[in-house]
Structure formats: C-alpha cells, structure tokens
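Notes for the one structure printed next.
The values are calculated or read from the model by the stated rules, or taken from the named source; none is laboratory data. Not measured: the values here are computed from a predicted model. Glycine also receives a Cβ, built like all others from the backbone with ideal geometry; neighbour counts cover every protein chain displayed. What goes into the accessible areas is simple: the full protein's heavy atoms, side chains included, and nothing from ligands, DNA or RNA. Shrake-Rupley method; radii C 1.70, N 1.55, O 1.52, S 1.80 Å.
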Amino acid sequence: MSRTRALFGGLAATACLLTAAHAEETDPAAIVAGQFAAGGNHAGVRASGAKGVCLKGSFAPASGAATLSKAPHFAKEVPVTARFSMGGSNPKVSDKVKPVTRGLSVRMSGEAGDMVFVTISAPVFSAKTPAQLLEFVRVRAPGPDGKPDAEKVKAFAAANPETTRQAAWLNARPVPASFAGVDYWAVHAYTLTNAGGETKTARLKFVAADKAGLSDDELKAKPDSFYADELKERLAKGPAKFDLVAVLGQPGDTTSDPTVAWPEDERKAETLGTLSITAIEPDATCDARTFDPVVDLPEGVAGPSDDPMFAIRSPAYAVSVSRRAN
Ligand code: HEM
C-alpha cells in the first residue's frame, strides 16, 4: 500500500472512530447500559431507583398556585401515584449509604393529562452533559473484584470537579431517618406560565413536613433495609406530607446546568401545594410504566430547553422500561 493510501485509510478509520465515539456519547441507550453495569447488571429492575416503594396519595394546591401556573393540577385536588427509591440500579443497595440520592417520583393525575416530577434528595445532579454522564457511569463499572477502579474514579473527578458536588452535598448531611424525612428537588429550572401569559423561572422542591436525619450511632443500629418498614409504620398513623415549593429564579441564575445550585436562601419562594402520601401501593402500579418528567407535563409547566440533561431523560427512561420488561 502506498504511503498516501495508508495515510488516508488511517484518517478515515480515525474519523469513523470519532464519529462512533461521538454518537455513542450522546446515545441515551449507552448511558442506560452504563447505569445498569455500574449497579451490577441486575435483571428486571430500573436503571436508577431500582430499590423502592410504590405509593398513593393526593396533591392539594395552595390558594396562590394558580397565580404562578395555569396547570389544572394547581386548580383543584388531584390523586397521586408516587414512588420513593434509592439511586442506582442495584436493588440490594443499603438504605444506610450516605452518598446515594433518595428519590421521590410523583405522578399527579389530571383529566387532560398528568403532571410528573422525578426528584432527588439533593439540589444538584452529578453531570452537566450527557457525554459527561456517560463517562461518570462508565468509570464506575465494577472490575473483576466487583469494585470500580478507584484510580479511574479519582482521575475522572479531578478532571470533572462539578460531578463531585452532589456526593459532597450528601456527605455533608446525615442519612435520612425516613424516605419521608428529607427534601427532594426536581433540580432542573422550570418555566411556570399563568393564565395571563406571565412566566417565571423556578426550581421546584418537595419540602418534608417531618425532616429527620440519623446520628452515627442510630445509623449503626439499623439493618441494611429499614425504609420500607419505617414507611409502613408511619403511614399507619397518618399521611406523610411534603410542600411543593417553587424557588423563583433571578436574572443570571443558570437554567442550563443541573450541577449548579441556586442560592435558595437569597431567593423568593412560593408554596404551590401539599403532597400527602397516604398508603403503599403494589409495585405493579409503579412498574407498569415509567415516571417520565419530560413528556408528562401540562400547559403552564415547562422544562428547560437549554439544559441538555432534561430532554435526554425521556428516551433514557424508555430504554430502561423496555429492558426491565424483558
Ligand atoms: C436532575 C436530573 C435527574 C433526576 C432528579 C433523576 C431522578 C431519578 C429518579 C428519582 C428515578 C427513579 C424513578 C422511579 O421511581 O421509577 C430515576 C430513574 C431513572 N433515571 Fe433519572 N434522574 C435524573 C437524570 C437522569 C438522566 C440525565 C438520565 C439518563 C440520561 C437518567 C436515567 C434514569 C433512568 C434510565 C431511570 C430508570 C427509569 C425506569 O426504568 O422507569 N436520569 N431518575
């Protein structure tokens, strides 16, 4: 082969590799495969939130909610299907682990459509782009010893410091004593539109009525799975309540980067209503479909168009559903 042909052949091969790598980086299926691998490739579970409890309840809007959003769910009380979960695809993860997000997914049913929020116990996500998330999950793939390569994880964190903010936030706080004892953030910046066409940018969070964390001694005394039993006992006495709060953005607050928290203490906040979790539902109620936070939004509530982590959630969740159904 001539030198020129070899050179062109090499360049073409490199171009192919780059194209393949680029396509793969933005492929939600690759991210989901990475999520499953990082948790040990368990069958029949979610790519994240694999361990969890399905629930039912209701959402009662606050009297001022309609001044912010025309969503019908902010006009009258609606029934709710919800799910508490532990982050990640390992269904055997211990409830005692600190740097794992607890999740709260909420489907508020409506006559003309549902309103879904899929939220976590931290104000920030662990990656700002799909490509970064793919690498984040890939470096966590367990090796032959069943553990990720600590050096690789360290090097990735050093090169991508914003991906460490979520774990730092969780590590600085106690392990929640209950799924119902911690606040949950929808993380992305939403746009709320009222009937008059006025818009406001807001980050939404469910604020627990009964916040509680465990001391180190209390944590030591717990078994690996205690949230489900605690919830059963709690709900036998009455509903677990959360206020849905809109933290209102100011010019300059990022809408595109879910690894950056807004300074909530310096922002105005409005309560949109109260979520009451009343009872445990059979898993089948939650397993039949996914909580899709992108597609299932009514008029009056919109996700961010400039946050690349928002739109990709819908196809990623669909891949996970099809895989766990097989
Ligand atoms: C702020 C960003 C995010 C938050 C707050 C979040 C939170 C959650 C929670 C709480 C669950 C459990 C859902 C359930 O109980 O059924 C979940 C599931 C899942 N998440 Fe996310 N997530 C975020 C971003 C992403 C992104 C960017 C991806 C991938 C590109 C992703 C992939 C998944 C997948 C595949 C599932 C499993 C869905 C299913 O099988 O039903 N998430 N997420």
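Only protein atoms count toward the accessible area here, which uses a 1.4 Å probe; on the range 99-178, the carbon and sulfur part of that area reaches 59 percent. Put simply, the amide H of Gly213, placed in the peptide plane, has neighbours under 5 Å in Ala177, leaving out anything fewer than 5 places away on its chain.
Show that you can apply the helix-only estimate: for the chain, add -39,500 (n - 2.57) for every DSSP H stretch of four or more residues, divide by all residues, and state [θ] at 222 nm to the nearest 500.
On the way: 11 runs with 102 residues, N = 326.
Roughly -9000 deg cm²/dmol at 222 nm, from the helical runs in the chain.
Available extension along the chain between Ala269 and Lys96 is 59.1 nm, counting 0.36 nm per residue and deducting the alpha carbon span. Relative to the longest principal axis of the Cα atoms of the chain, helix 28-38 runs at roughly 80 degrees. The separation of the range 192-221 from the range 291-326, counted between C-alpha centres, amounts to 20 Å.
Taking amide hydrogens as placed 1.01 Å from N in the peptide plane, the amide H of Gly273 sits under 5 Å from those of Ala62, Leu244, each at least 5 positions away in sequence or on another chain.
Remark on the chain: hydrodynamic radius 20.9 angstrom, per the Kirkwood mean of 1/r across alpha carbon pairs. Size descriptors for the range 136-227 (Cα atoms only): Rg and Dmax, in that order, 18.8, 60 Å. With the simple model of a label 7 Å out from the Cα in the direction of the Cβ, Ser256 to Ser225 spans 4.4 nm. Distant-in-sequence amide contacts of Thr119, defined by a placed amide H-H separation under 5 Å and a gap of 5 or more residues or a different chain, comprise Leu104, Ser105, Val106. To the nearest ten degrees, helix 313-325 and the longest principal axis of the Cα atoms of the chain are 90 degrees apart.
Compared with the dominant principal axis of the Cα atoms in the chain, helix 227-237 is inclined by about 20°. For the peptides 76-89, 243-256, 291-304, 206-219, the ranking by packing is 76-89, 291-304, 243-256, 206-219, with the highest mean count of neighbouring Cβ atoms within 10 Å listed first. Note that the chain presents 48 Å² accessible area per residue, ligands and nucleic acids not counted, probe 1.4 Å.
Do any of Lys70/Lys98; Lys152/Lys241; Lys154/Lys241; Lys147/Lys222 go past 31 Å between their Cα atoms, and which? Spell out each step's value before the answer.
Working: Lys70/Lys98 38 Å; Lys152/Lys241 41 Å; Lys154/Lys241 39 Å; Lys147/Lys222 24 Å.
Flagged as over cut-off: Lys70/Lys98; Lys152/Lys241; Lys154/Lys241.
Would you mind checking the pairs Lys128/Lys205; Lys92/Lys205; Lys51/Lys268; Lys76/Lys128; Lys56/Lys128 and listing those with alpha carbons more than 24 angstrom apart?
Where the Cα-Cα span goes over 24 Å, the pairs concerned are Lys92/Lys205; Lys51/Lys268; Lys76/Lys128; Lys56/Lys128.
Under a Gaussian network description of the chain, with springs only between Cα atoms under 10 Å, the residue in Ala168, Ala60, Ala240 that fluctuates furthest is Ala168. In this rough spin-label picture, where each label sits 7 Å from Cα along the Cβ direction, the Ala75-His42 distance is 4.2 nm. A dipole drawn for the chain from +1 and -1 charges on Cβ atoms has a positive end, and of Pro298, Ile277, Ala221 the residue lying farthest that way is Ala221.
Computed from phi, the 3J(HN,Hα) profile of the range 273-290 under the Karplus parametrisation 6.51, -1.76, 1.60 (θ = phi - 60°) reads x, 10, 8, 10, 8, 10, 7, 7, 10, x, 3, 4, 4, 8, 7, 4, 8, 9 Hz, with x in place of Gly and Pro.
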